[in-house]
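Engineer: Pasting a structure below so you can have a look.
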Amino acid sequence: MTSSEPFRVIFVCTGNICRSPMAEVVLRDLADKQGLGSRLISSSASTGEWHVGERADQRTLDALESRGYDGSLHRARPFTAATFAENDLVVALDRTHERILREWARTDDEEGKVTLLMSFDRDADSMDVPDPYYADTATFDYVLAMIETATRGLFRQLEPALRPSRIPPRL
């Protein structure tokens with residue numbers, strides 16, 4: 001990452017209407033609150049094309065809003081071959097997405113960008129964020145709490161590199 005280019009993180013789940021939009025919004029909020037919003041770009045995408053162009057699931061929007069986040073601008077989009085080049089880090093929401101993304105990677109560099117969100121939660125019981133789509137509202141809240149914890153862990157790792165250096169360059 002150069003000092004003029006933002007670091008780009010994309011979160012990936014199945015339909016890009018539940019889990020990945022939650023993570024996208026949470027990471028963006030963390031960066032904004034730390035004054036680093038211009039240094040980090042958070043986005044999300046899907047492994048399938050079922051919901052392209054749709055808003056996040058209403059239960060996702062409700063869960064986000066109940067915790068003070070705004071997911072209203074989200075529109076689902078698919079992960080494409082170009083998405084690897086457009087992002088510095090590709091964060092899968094479960095091991096199925098991770099496997100798919102690694103299969104889609106054309107180079108070792110692209111494959112090296114893929115990681116699991118839950119790997120940033122030291123206390124996680126599982127590496128998979130469960131899909132709440134067929135569940136109740138309480139499950140959306142539970143999933144958002146998981147995502148918040150892991151995303152805070154991810155942000156803690158990224159933050160030092162996002163902050164401008166306070167040491168003047170040597171001449």
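The values are calculated or read from the model by the stated rules, or taken from the named source; none is laboratory data. A quick note: this is a predicted structure, and the numbers were derived from the prediction, not measured. Neighbour counts are summed over all protein chains in view; Cβ atoms, including those assigned to glycine, are modelled from backbone coordinates with ideal geometry. The area values use the complete protein model at the heavy-atom level, side chains included, leaving out ligands, DNA and RNA. Shrake-Rupley method; radii C 1.70, N 1.55, O 1.52, S 1.80 Å.
Engineer: So which of D128, D141, D123, D109 is surrounded by fewer than 21 Cβ atoms within 10 Å (Cβ to Cβ), in a helix (DSSP H, G or I), without any contact (Cβ under 8 Å) to a residue 40 or more places away in the chain and charged (D, E, K, R)?
Structural biologist: Numbers: D128 fails: in a helix (DSSP H, G or I); D141 fails: without any contact (Cβ under 8 Å) to a residue 40 or more places away in the chain; D123 fails: in a helix (DSSP H, G or I).
That would be D109, the only listed residue that is surrounded by fewer than 21 Cβ atoms within 10 Å (Cβ to Cβ), in a helix (DSSP H, G or I), without any contact (Cβ under 8 Å) to a residue 40 or more places away in the chain and charged (D, E, K, R).
Engineer: Here are some residues: H74, H97. Which one is of a type outside the set (A, V, I, L, M), under 15 Å from the mean Cα position of the chain (by Cα) and at pLDDT below 95?
Structural biologist: The match here is H74.
Engineer: Right, next: Considering only the stretch 50-64, I want to know if a residue exists there that is touching a Gly at 6+ places or on another chain (Cβ under 6 Å), modelled with pLDDT under 95 and open to solvent by 60 Å² or more (accessible area, probe 1.4 Å).
Structural biologist: The answer is yes, given that some residue of the stretch 50-64 is touching a Gly at 6+ places or on another chain (Cβ under 6 Å), modelled with pLDDT under 95 and open to solvent by 60 Å² or more (accessible area, probe 1.4 Å).
Engineer: When only residues in the stretch 65-95 that are of a type in the set (S, T, N, Q) and in contact (Cβ under 8 Å) with a residue 60 or more places away in the chain count, which is most open to solvent (accessible area, probe 1.4 Å)? Walk me through it before giving the result.
Structural biologist: Going through the stretch 65-95, the residues of a type in the set (S, T, N, Q) turn out to be 66, 72, 80, 83, 87.
Keeping just the survivors that are in contact (Cβ under 8 Å) with a residue 60 or more places away in the chain gives 66, 83, 87.
Numbers: S66: 86, T83: 2, N87: 9 Å².
The residue in question is S66.
Engineer: From the list C18, C13, which residue is open to solvent by less than 20 Å² (accessible area, probe 1.4 Å), in contact with a Leu (Cβ under 7 Å, 6 or more places away or on another chain) and not aromatic (F, W, Y)?
Structural biologist: The conditions single out C13.
Engineer: Please tell me if T149 is open to solvent by 70 Å² or more (accessible area, probe 1.4 Å) and within 17 Å of A63 (Cα to Cα). Even if it seems obvious, please write down each step before you answer.
Structural biologist: Numbers: open to solvent by 70 Å² or more (accessible area, probe 1.4 Å): no; within 17 Å of A63 (Cα to Cα): yes.
No.
Engineer: Does F7 qualify as being within 14 Å of L89 (Cβ to Cβ) and buried (at least 24 other Cβ atoms within 10 Å of the Cβ)?
Structural biologist: Working: within 14 Å of L89 (Cβ to Cβ): yes; buried (at least 24 other Cβ atoms within 10 Å of the Cβ): no.
No, not satisfied.
Engineer: Hey, can you tell me all the residues within the stretch 136-151 that are of a type in the set (D, E, K, R) and more than 15 Å from L93 (Cα to Cα)? Spell out the reasoning first.
Structural biologist: Narrowing the stretch 136-151 to residues of a type in the set (D, E, K, R): 136, 141, 148.
D136, D141 - these are the residues of the stretch 136-151 that are of a type in the set (D, E, K, R) and more than 15 Å from L93 (Cα to Cα).
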